[in-house]
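S.K.: Here's a structure for you.
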Amino acid sequence: MPVLGKSKKEAVTEFRTAEILEAARKVFAEKGFHDATIDDVAGRAGVAKGTVYLYYRSKHQLYWAALKHGILSMNEETQRKVEAARTLEDKLHAFVAMKLTYFEENRDFFKIYHSEFGNALFHPAHIRRDFTDLYLRQARVLEAVLREAVRRKVIRNIRPNAAAFAISDLTRGMITQRLLGWSKAAVDDDIAFVFRLVWKGIAGR
C-alpha cells in the first residue's frame, strides 16, 4: 500500500539507506576511508553486513553515496532557508548561518567534505563530476540572489558569480577555523562576523 506516494518497499528502502548512509558518514569521518570497513558501518547502523551490500556494492561506492547524501541535504536546506527569507540581507544571513550551523552540528560530515574539496583543488581530474556539480549548486543558489539584487540596484554592481563563490569560500574558511579549534567564538558570533564582512563588501557604494 503506498505511503505518501511511495510503495511500502520504496519507503523501507529509503529508510534503510538513510540509516546506512548516516552510519557510514560517522565511520568514515572517524576512521578515514582506508581504515573504515563495511563491518564498522553495518555495526554502527545496526544491520547485517550483507544488508549493506544489498544497497552498495563496495566501500568506495558507499563512501561516495554518504558524501553525496550529506551535500544534498545541506543544499536542500540552504535553498529552503534562502528562499524563505524576504530581504537580500536576510537571504545572505540565511546562507551563511545555514552553512555554519549545519557543519557545527555535523562535524563528522565536514571532515569528509573538507577532505574531498581539498582533493578537488589539487587533483581536479580525479574528483567525481557529481561532487563538483553539487558544490557548484551551492554557489548558484546565492548567485541567483545576487544577480537579482544587482539588477534591482539593491547592491553595487558586482559580478554575481564571482561574488557567490567568494562568499561561499569565506564561509567555508570560517567553518575550517572552527573545526580546527582556531575560533573560540560562539557560532552565532562567527555567523555575524562573516555576514557583516560580506554585507559591507557588497552593499557599500
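No lab work stands behind these numbers, since they all come straight from the coordinates. It should be emphasised that the depicted structure is a prediction, and the values quoted were computed from it without experimental measurement. When we count neighbours, we look across all protein chains shown, and the Cβ atoms used for this are built from the backbone with ideal geometry, even at glycine.
S.K.: Could you calculate the FRET efficiency of T176 with S7 from 1/(1 + (r/R0)^6), where r is the beta carbon distance between them and R0 is 30 Å, rounded to 0.05?
M.R.: On the way: r = 43 Å, r/R0 = 1.42.
Efficiency at R0 = 30 Å is approximately 0.10.
S.K.: Can you pull out the trypsin sites (Lys or Arg not before Pro) in the stretch 82-113 whose DSSP state is coil and whose Cβ has at most 10 other Cβ atoms within 10 Å?
M.R.: Numbers: sites: R86, K91, K99, R107, K111; in loops: R86.
Hits after loop and neighbour filter: R86.
S.K.: Can you put H34, H69 in order of Cβ neighbours within 10 angstrom, beginning with the fewest? Could the numbers behind the result be given before it?
M.R.: Values: H34 8, H69 18.
Lowest to highest Cβ neighbour count: H34, H69.
S.K.: What does the charge count around A186 come to, taking other residues whose C-beta lies under 11 Å from its C-beta (Lys +1, Arg +1, Asp -1, Glu -1)? Could the numbers behind the result be given before it?
M.R.: Values: positive: R178, K184; negative: E104, D188, D189, D190.
Net charge in that neighbourhood comes out at -2.
S.K.: Right, here's the next one. For the residue pair W64 and K153, what label-to-label distance in nm results when each label sits 7 Å from Cα along the Cα-to-beta-carbon direction?
M.R.: In this crude label model, W64 to K153 measures out at 4.9 nm.
S.K.: Add +1 for every Lys or Arg and -1 for every Asp or Glu among the other residues with Cβ under 14 Å from the Cβ of I20, and state the total. Present the calculation step by step, with values, prior to reporting the outcome.
M.R.: Working: positive: R16, R25, K26, R44, K49, R57, K59, K68; negative: E14, E19, E22, D39, D40.
With Lys, Arg at +1 and Asp, Glu at -1, the net is +3.
S.K.: Modelling each spin label as a point 7 Å along the Cα-to-Cβ direction, I'd like the F33/Y53 distance in nm, to one decimal.
M.R.: Going by the 7 Å Cα→Cβ label model, 2.2 nm.
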